[in-house]
Amino acid sequence: MKAYSLMQWRQPAAFREVEVPEPGPGEVLLKVGGAGLCHSDLHLMDWEAGTLDYRLPFTLGHENAGWVEKTGAGVTGLRAGDPVLVAGHWGCGRCHRCRQGMENYCERQGQMPYAGGGLGRDGGLAPYLLVPSSRLLVPLEGLDPRQAAPLADAALTSYHAIKRSLPLLGAGSTAVIIGVGGLGQMGVQVLHALTGARVVAVDTSPRKLEIARRDGADEAVLADAAVERVRELTHGRGAELVVDMVGTEGTLQLAAGMARTLGHLTVVGLGGGTLPVGFFRVPYECSVATTYWGSIPELMEVVALAEAGRIRTQVELVPLEHVADAYRRLRAGAIEGRAVATPNG
Ligand code: NAD
Ligand code: ZN
Ligand code: ZN
């Protein structure tokens, strides 16, 4: 089968021919329904050798959903044809964190040359995906895998970044999302569904701001005007939560400029910027944290929200052959929601 793969560091990915894998004991082979194209894939193609200790080549695609094709020996509770969403981060499955469902923070991560399918191991940009264990699969009831794929990363990562700050987000509070692309649009919806906060979307693209408004943002402002507008809206106090989905020097500065005393400034974007943290640099008792993905129980909560119709993915379906063009459009900011490759049509 044709698999869209990272062949060399600092190169665009390319198609290579690989065998359809045979599931071994405990493993599950999926027929891929949808594989979301994440901005992190662009970072992967840009980073130098040595940035990550992944071995090349591997198939890209870490935001995956599909149907069970075949189960390996010992797998119970799954039948061929079952629709499932794949938890994208694959830890050791045995350490304390993994047992709590936080495979994204596996304690043995340093000993593994991969983080998951599409991140050092073969991912979903191919007709079939081998998943190492059924513990990584969340059943989909009533959602099409092609529409559901972005729940595995765009929605889960946003959900986790917001959920940890829920006690700050009661009525009268303000939450800001900087960068309302694939992740940020889900973040706006999660804030709307879960909190009493006034939701402010910030972007450099007027079209993305329009989409954020449609998704339930109370205010949508261009980045240049954002600090002033958030200060104005909050009577100078700032926002309880600022989630930076871009993470460049510039957006981190914006985030620090609109965060509030006792607030949270949460960095999700891998833009490579740094924020000087010091006594007069961020508001008093404002916590600064990075977050990475979310847990499997949180993924189940995200699926429940989507099944209840309280969040929805905005998906542009892309045939696998056109995936290189879709990545080019993602880089140019020309994908409206999430592009999702459909290797099986
Ligand atoms: P995307 O390209 O779909 O969206 C990015 C958005 O940011 C776009 O709407 C763009 O217009 C906007 N933007 C760009 N520069 C901006 C600026 N200076 N100010 C305001 N807005 C700006 O990307 P995505 O797939 O949503 O990913 C967003 C980031 O999150 C990427 O860096 C990605 O690697 C990262 N990411 C992190 C995690 C994690 O676990 N921490 C998981 C997935 C993705
Ligand atoms: Zn991602
Ligand atoms: Zn572990």
Item to check | Within straight-line cross-link reach of Lys163, lysines at Cα separation under 25 Å, skipping those fewer than 8 residues along the same chain | outcome: Lys208
Next on the checklist: Need the list of lysines near Lys70 for cross-linking: C-alpha distance under 28 angstrom, and skip anything on the same chain fewer than eight residues off.
Outcome noted: Lys2, Lys31
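Can you tell me the relative contact order of the chain? Whole percent, Cα pairs under 8 Å, sequence separation 6 or more.
Values: 838 pairs, mean separation 61.4, N = 345.
This gives 18 percent for the chain.
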Checklist outcome for this item: Here the gain from full extension of His322 to Arg207, 0.36 nm per residue of separation minus their alpha-carbon distance, amounts to 39.1 nm
Checklist entry - If one puts a single equal scatterer on every Cα of the chain and applies the Debye formula without solvent, what log₁₀ I(q)/I(0) results at q = 0.09, 0.10, 0.12 Å⁻¹? => result -0.46, -0.57, -0.82
Item to check | For region 191-345, with +1 on Lys and Arg beta carbons and -1 on Asp and Glu, the positive-most of Ala239, Leu305, Ala324 along the dipole | outcome: Ala239
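Looking at the chain, which longest stretch skips every one of the GluC sites (Glu not before Pro) that is in a DSSP loop with at most 15 other Cβ atoms within 10 Å, leaving the sites themselves out?
Values: sites that count: Glu19, Glu48, Glu107, Glu141, Glu285.
By the stated rule (loop sites, at most 15 other Cβ atoms within 10 Å), 142-284.
Bear in mind that the values in this text are calculations on the coordinates, not laboratory data. As the structure is a computational prediction, the values presented were derived from the model and not from experiment. No Cβ is skipped: glycine too gets one built from the backbone with ideal geometry, and neighbour counts run over all protein chains shown.
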